[in-house]
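S.K.: First the structure, then my questions, so here it is.
Any read-out appearing in this document is the output of simple, stated calculations on the displayed coordinates, not a laboratory observation. If you're wondering where the values come from, they're calculated on a predicted model, not measured in any experiment. Reconstructed Cβ throughout: ideal geometry from the backbone, glycine too, with neighbour counts over all protein chains shown.
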Amino acid sequence: MTGWSAPEPAGGWASIFTVSTGRDLPPLFGAYSIEGGSPVFHPRYPLASGVTYYAVFHPPGSAAVEAIFHGPEAVAAPEARVTAIYPSSPVLPANQLKLYIVFSAPMQGGDFWPSIHLIDQDGKPAYLPFVGQELWNRDNTRLTLIFDPGRIKRGVKPNVDLGPVLVEGKRYNPDHRSGVQGC
């Protein structure tokens with residue numbers, strides 16, 4: 001809409017102009033302004049690639065004007081890879097509490113658990129070795145994994161029911177490339 005000169009509506013610009021990710025979904029957070037005679041929406045967070053957006057401008061007494069547009073094209077970036085796992089010692093104590101995985105580029109948070117495996121020397125994944133939520137450093141390049149403390153302490157129900165995560169004398173492979181020996 002060009003040539004818009006009306007003052008901001010009593011209910012704010014969001015009362016007549018919205019941008020959302022679906023017709024029946026709430027509008028995105030952001031700020032509104034009039035620039036060059038056109039209402040402009042400035043999203044609080046960057047628009048995501050691969051997402052369809054719906055803009056609706058409905059001034060009082062006029063028909064709504066709708067536009068559908070897509071987020072920016074995905075930027076081709078080099079594939080992130082694991083650059084280090086700490087502790088880097090080939091032998092870990094049975095009561096090891098944390099592992100750190102360092103990535104070559106910032107990673108996106110989310111449900112990473114299906115992607116993290118601790119494989120024993122027989123190629124068998126450890127059953128639920130880690131607990132907690134995602135613990136990333138500020139630039140999302142280092143993930144901290146916490147071993148289930150209930151599986152470390154002897155006589156505690158998770159240890160009794162499932163056994164320890166790291167077993168003395170066994171070798172483990174957290175990234176399918178380099179082995180880490182337990183205990």
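S.K.: What three numbers, in Å, describe the spread of the alpha carbons of the chain along their principal axes, ordered from the longest?
M.R.: Result, largest extent first: 77, 37, 25 Å.
S.K.: Towards the positive end of the charge dipole of the chain, with charges on Cβ (+1 Lys, Arg; -1 Asp, Glu), say which of VAL75, SER5, TYR53 has the farthest Cα.
M.R.: My answer, from the dipole projection, is VAL75.
S.K.: Hey, another quick one. At what distance in nm do the modelled label points of ILE34 and ALA84 sit from each other, each positioned 7 Å from its Cα along Cα→Cβ?
M.R.: Calculated label separation equals 5.6 nm.
S.K.: Also, I was wondering about something else. Using +1 on the beta carbon of Lys and Arg, -1 on that of Asp and Glu, and nothing else charged, what's the dipole of segment 1-91 about the Cα centre, debye to 20?
M.R.: Dipole magnitude for segment 1-91 comes out near 180 debye.
S.K.: Whose amide H sits under 5 Å from the amide H of ASN140, counting only residues 5 or more places off or on another chain, with H placed in the peptide plane?
M.R.: Excluding prolines and chain starts, which carry no amide H, there are no hits.
S.K.: Using Cα centres only, tell me the gap between segment 105-133 and segment 41-97 in whole Å.
M.R.: 22
S.K.: Hey, which aspartates and glutamates would be in cross-link range of LYS153, C-alpha to C-alpha under 17 Å, not counting anything within fewer than 8 residues on its own chain?
M.R.: Cα-Cα hits under 17 Å: ASP161, GLU168.
S.K.: While we're here: Filter the chymotrypsin sites (Phe, Trp or Tyr not before Pro) in segment 59-135 to those in DSSP coil with at most 13 other Cβ atoms within 10 Å of their Cβ, and list the result. Before the final figure, lay out the partial values.
M.R.: Details: sites: PHE69, TYR100, PHE103, PHE112, TYR127, PHE130; in loops: PHE112, TYR127.
For chymotrypsin sites (Phe, Trp or Tyr not before Pro) across segment 59-135 that sit outside H, G, I, E and B with at most 13 neighbouring Cβ atoms in 10 Å, the list reads TYR127.
S.K.: For ASP148, enumerate residues with amide H under 5 Å from its amide H, sequence gap 5+ or separate chain, H modeled in the peptide plane.
M.R.: So ASP148 has HN proximity to PHE130, VAL131.
S.K.: Given Cβ point charges of +1 (Lys, Arg) and -1 (Asp, Glu) and nothing else, what value in debye, to the nearest 20, does the dipole of segment 79-183 about its Cα centre take?
M.R.: On the way: 12 positive and 10 negative charges, 60 e Å.
Once rounded to the nearest 20, the dipole reads 300 debye.
S.K.: State to the nearest 20 debye the size of the charge dipole of the chain about its Cα centre, where the only charges are +1 on K and R beta carbons and -1 on D and E beta carbons. The partial results should precede the final answer.
M.R.: On the way: 14 positive and 15 negative charges, 179 e Å.
Once rounded to the nearest 20, the dipole reads 860 debye.
S.K.: In addition: Using only the alpha carbon atoms of segment 114-168, find the Kirkwood hydrodynamic radius as the inverse mean reciprocal pair distance, in angstroms to one decimal.
M.R.: Numbers: mean 1/r = 0.0799 Å⁻¹.
Kirkwood radius, segment 114-168: 12.5 Å.
S.K.: Here is a further query. Among SER62, VAL19, GLY110, flag the residue with its Cα farthest along the positive direction of the charge dipole of the chain, charges on Cβ as +1 for Lys/Arg and -1 for Asp/Glu.
M.R.: Result: GLY110.
S.K.: Also, I was wondering about something else. Once you keep just the Cα pairs under 8 angstrom separated by 6 or more residues, what percentage relative contact order results for the chain? Working shown, then result.
M.R.: On the way: 304 pairs, mean separation 28.5, N = 183.
Computed over the chain, the figure is 16 percent.
S.K.: Mind checking the log10 I(q)/I(0) for segment 13-70 at q = 0.15, 0.18, 0.19, 0.23 Å⁻¹? Debye, one equal scatterer per Cα, no solvent, two decimals.
M.R.: Log10 of I(q)/I(0), two decimals: -0.42, -0.61, -0.68, -0.99.
S.K.: Follow-up. Please identify every one of the trypsin sites (Lys or Arg not before Pro) in segment 123-154 that sits in a loop by DSSP and has no more than 14 other beta carbons within 10 Å of its own beta carbon.
M.R.: Values: sites: ARG138, ARG142, ARG151, LYS153, ARG154; in loops: ARG138, LYS153, ARG154.
Sparse-neighbourhood loop trypsin sites (Lys or Arg not before Pro): ARG138, LYS153, ARG154.
S.K.: Quick one: 3J(HN,Hα) in Hz for segment 31-45, Karplus 6.51/-1.76/1.60 with θ = phi - 60°, rounded, Gly and Pro as x.
M.R.: Calculated HN-Hα couplings, in order: 10, 10, 7, 10, 10, x, x, 10, x, 10, 9, 10, x, 5, 10 Hz.
S.K.: How many nm separate the modelled label positions at ILE116 and LYS98, each set 7 Å beyond the Cα in the direction of the Cβ?
M.R.: 1.2
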